[in-house]
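To start, the structure under review is shown below, and the notes come after it.
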Amino acid sequence: MILQLHSYWAYITLAIILTTVLNSLLNLFSKNNFYTKDLRIALFALIVSHIQFLIGLAWYFMSPSYKHMKEIGMGAAMKDSLTRLLTVEHPLLMILAIILITIGFSKHKKKEKAGAKFKTLTIYYGIALLLILGRIPWKQWFE
Ligand code: HEM
């Protein structure tokens, strides 16, 4: 149930982060003003990714891969690429991505100029998106 929720919520998370990056990038290059809708898109991405974090955290300690890691021990788990991806790399990189989104959101609010706001969102959300895409367990997702 929780894994299914985490799996479906991932579509919404990826879509809204990608929307924020594209929206910020386009507005940055078009030198547009920063409107409430731009803030709402970035805020929505922040909220959706925080919810994904909570679902992921809840699933983590129930997941078969976590149980497997406990059984075989941390050393052996690190040598097995799939167990390492599911129990260490994916959770850690996703947490790092969500931290970047949180910092990016709070930094963009402190900027005065529209260009600086869009630039901050593009950089922080963009790096976060790359981290997420790099460490999603793609095979497990579409199996
Ligand atoms: C933006 C954040 C995240 C995204 C987009 C994301 C996405 C995904 C996707 C697509 C899967 C595969 C689901 C499937 O097999 O159907 C997955 C699995 C998983 N995720 Fe995440 N995730 C995120 C954050 C997290 C966090 C923060 C944690 C833990 C603290 C976490 C823990 C897990 C675990 C334990 C699995 C299942 C591994 C297994 O199959 O045993 N995820 N995630």
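Across the chain, the mean sequence separation of Cα contacts (distance under 8 Å, 6 or more residues apart), normalised by length, yields a relative contact order of 34 percent. Calculated FRET efficiency, residue 133 to residue 32, Cβ-Cβ distance, R0 = 25 Å: about 0.40 to the nearest 0.05. Remark: the residue 95-residue 78 segment gains 4.2 nm on full extension, using 0.36 nm per residue and subtracting the alpha carbon distance. Under the convention that each Lys and Arg Cβ holds +1 and each Asp and Glu Cβ holds -1, the size of the dipole of segment 2-141 around its Cα centre is about 500 debye. Note on segment 12-91: with charges restricted to the Cβ of Lys and Arg (+1) and Asp and Glu (-1), its dipole about the Cα centre is near 120 debye.
A short reminder: the numbers here are calculations on the coordinates, not readings from a lab. Small disclaimer: the values here were computed from a predicted structure and weren't measured. As a convention, Cβ positions derive from the backbone with ideal geometry for all residues, glycine included, and neighbour counts pool all protein chains shown.
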